[in-house]
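First comes the structure, then the notes that go with it.
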Amino acid sequence: MTLKYASKWKLLVFAVFAAAKALQAVFIAYVFQEFINFAGNPKGSLLQLTIKAVVGIVLFACLALIYQIMQANIIKDVNLKIKEQATKYLLYSDNSRRL
């Protein structure tokens, strides 16, 4: 309900990064499966497989960092908007004069 106070483009970018962050578990499972397959039947290069895994993990770590920054930014914007509306209500309503 409070997401109505956040800007639409930030929510869209946040949803894209959330979907990318969710794919991290799929990538980790894929990498583990590739390592298990390599252990059973060594085809290709272990170095190449390891480089692919490290690059993917670093990429997903960067995506997770951007996701956290976007989440904090959206929370900050929503909190500021709610505080702004509460302040306006207290300043401009008749109820504030009775205090």
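Numerical summary
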{"item": "Heavy-atom accessible surface of the chain: percent carbon and sulfur, 1.4 Å", "result": "70 percent"}
{"item": "D_trans [Stokes-Einstein, Kirkwood Rh over alpha-carbon pairs] for the chain, 20 °C, 1.002 mPa s, µm² s⁻¹", "result": "125 µm²/s"}
{"item": "Per-residue ³J(HN,Hα) for segment 4-17, Karplus 6.51 cos²θ - 1.76 cosθ + 1.60, θ = phi - 60°, Hz, x for Gly and Pro", "result": "5, 8, 8, 6, 5, 5, 5, 5, 5, 5, 4, 5, 5, 5"}
{"item": "Span from the segment 34-99 Cα centroid across to the segment 1-22 one, whole angstrom", "result": "10 Å"}
{"item": "For segment 6-46, accessible area per residue (1.4 Å probe, heavy atoms of protein chains only), Å²", "result": "72 Å²"}
{"item": "Computed lengthening from I28 to S7, 0.36 nm per intervening residue step minus Cα-Cα distance", "result": "4.3 nm"}
{"item": "Charge-dipole axis of the chain as Lys and Arg at +1 and Asp and Glu at -1 on Cβ define it, positive-most pick from N37, A72, A6", "result": "A6"}
{"item": "Efficiency of FRET between E84 and V58 - r from beta-carbon atoms, R0 41 angstrom, step 0.05", "result": "0.55"}
{"item": "Size of electric dipole in the chain: Cβ of Lys, Arg +1 and of Asp, Glu -1, about Cα centre, debye, nearest 20", "result": "460 debye"}
{"item": "Per-residue ³J(HN,Hα) for segment 34-41, Karplus 6.51 cos²θ - 1.76 cosθ + 1.60, θ = phi - 60°, Hz, x for Gly and Pro", "result": "5, 5, 5, 4, 5, 5, x, 9"}
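The values are calculated or read from the model by the stated rules, or taken from the named source; none is laboratory data. Being a predicted model, the structure only gives us computed values, none of them experimental. Cβ atoms come from the backbone with ideal geometry, glycine included; neighbour counts cover every protein chain shown. In case anyone asks, the SASA skips ligands and DNA or RNA and just uses the protein heavy atoms, side chains included. Shrake-Rupley method; radii C 1.70, N 1.55, O 1.52, S 1.80 Å.
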